[in-house]
Amino acid sequence: MSQDNLILMFARAPIPGQTKTRLIPALGEQGAADLHQSMLTHLVKKFSHHATLKLQLWCAPDTKHPSFKQLSTDYSVELQTQQGDDLGQRMAHATQFAFNHAKTVILLGTDCPLIDKQAVEETATQLQQGKQVVVMPAEDGGYVMMGMSAYFPELFCNIDWGTEQVMQQTQQILDDLGLRHQLLPTFWDVDVADDLEKLVATKEGMGVLNNTKFPA
């Protein structure tokens, strides 16, 4: 399969107490880890056999967790290890590495399980038609997806990751650099207990929640 167009999916190992920590009060440590695992599997399954986009799974802290190995086996997904001290450094490293052979790169996390193929395909199309950056903002002030036609290191620097300022700061960088960019409609991701209600309200979301063990 051609690697001209890559999706780089970033995921932490589903270790109880170390992932989806803001959902631990609602789900417990194991439940939060189970939900993370379910969202990860759901997204890998959704995008692993796309006709024109190749999926790579960028793993933290490394690729050794059994869930990563199982996903690689089940869906023929390439595993890579995240490198860097913060999210910006990790995304910058992966993006720069990917552009050694890719023409377009799309960064995607695992917190937005209901993102659909149409949005990702629209991002790829916009990049192929001349946009340099395409971003899908998140309701919480971050973003759930970013596509690029080249490596722009400035997009990963001087950002207050994990805050409500991420998208605003990213937009300022896009404007300062004069990059041709497109913003997609704002979407939501799963970070806190209120977001679980949105999952429950959809058939696809209920499928994601089926493998989550709720505390007694």
Just one listed residue, out of GLU204, GLU154, is of a type outside the set (Gly, Ala, Ser), at pLDDT 95 or above and either in a helix (DSSP H, G or I) or out of contact with any Ser or Thr (no Cβ under 7 Å at 6 or more places or on another chain) (or both), and it is GLU154
Out of all the residues in segment 39-79, which are in contact (Cβ under 8 Å) with a residue 60 or more places away in the chain and farther than 22 Å from LEU209 by Cα? HIS50, THR52, LEU53
Taking segment 24-60, which residues are surrounded by 19 or more Cβ atoms within 10 Å (Cβ to Cβ), among the β-branched types (Val, Ile, Thr) and touching a strand residue (DSSP E or B) at 6+ places or on another chain (Cβ under 8 Å)? VAL44
Which residues, counting only those in segment 14-46, are in contact with a Lys or Arg (Cβ under 8 Å, 6 or more places away or on another chain) and within 20 Å of THR73 (Cα to Cα)? ASP34, HIS36, LYS46
Of the residues in segment 172-215 that are among the hydroxyl-bearing types (Ser, Thr, Tyr) and touching an Asp or Glu at 6+ places or on another chain (Cβ under 7 Å), the one that is nearest to GLU29 (Cα to Cα) is THR212
Please go through segment 144-185 and give me each residue that is touching a Pro at 6+ places or on another chain (Cβ under 7 Å) and in contact (Cβ under 8 Å) with a residue 40 or more places away in the chain, ordered by number. LEU183
Within segment 11-31, tally of residues that are at pLDDT 95 or above, among the small types (Gly, Ala, Ser) and within 18 Å of ASP189 (Cβ to Cβ): 1
The lone exception for GLN89 - which of (1) assigned to a loop (DSSP other than H, G, I, E, B); (2) in contact (Cβ under 8 Å) with a residue 40 or more places away in the chain; (3) surrounded by fewer than 20 Cβ atoms within 10 Å (Cβ to Cβ) it fails: (1)
When only residues in segment 107-129 that are in contact (Cβ under 8 Å) with a residue 24 or more places away in the chain and among the hydroxyl-bearing types (Ser, Thr, Tyr) count, which is surrounded by the fewest Cβ atoms within 10 Å (Cβ to Cβ)? THR110
Here are ILE15, ILE24, ILE106: which of them is farther than 25 Å from ILE159 by Cα and not in a loop (DSSP other than H, G, I, E, B)? ILE24
Just one of THR104, THR81, THR21, THR63 is surrounded by fewer than 19 Cβ atoms within 10 Å (Cβ to Cβ), over 28 Å from ASP195 (Cα atoms) and more than 15 Å from the chain's Cα centre (by Cα); which is it? THR63
Enumeration of residues in segment 51-86 that are among the aliphatic types (A, V, I, L, M) and out of contact with any helix residue (DSSP H, G or I) (no Cβ under 8 Å at 6 or more places or on another chain): ALA51
Among the residues of segment 47-71, the number that are more than 19 Å from MET145 (Cβ to Cβ), of a type outside the set (Asp, Glu) and in contact with a Ser or Thr (Cβ under 6 Å, 6 or more places away or on another chain) is 1
Go through segment 158-178 and give me each residue that's assigned to a loop (DSSP other than H, G, I, E, B) and closer than 15 Å to LEU107 by Cβ. ILE159, TRP161
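The values are calculated or read from the model by the stated rules, or taken from the named source; none is laboratory data. Everything quoted here is computed from the prediction, not taken from an experiment. Here Cβ is always computed from backbone atoms with ideal geometry, including for glycine, and neighbour counts include all displayed protein chains.
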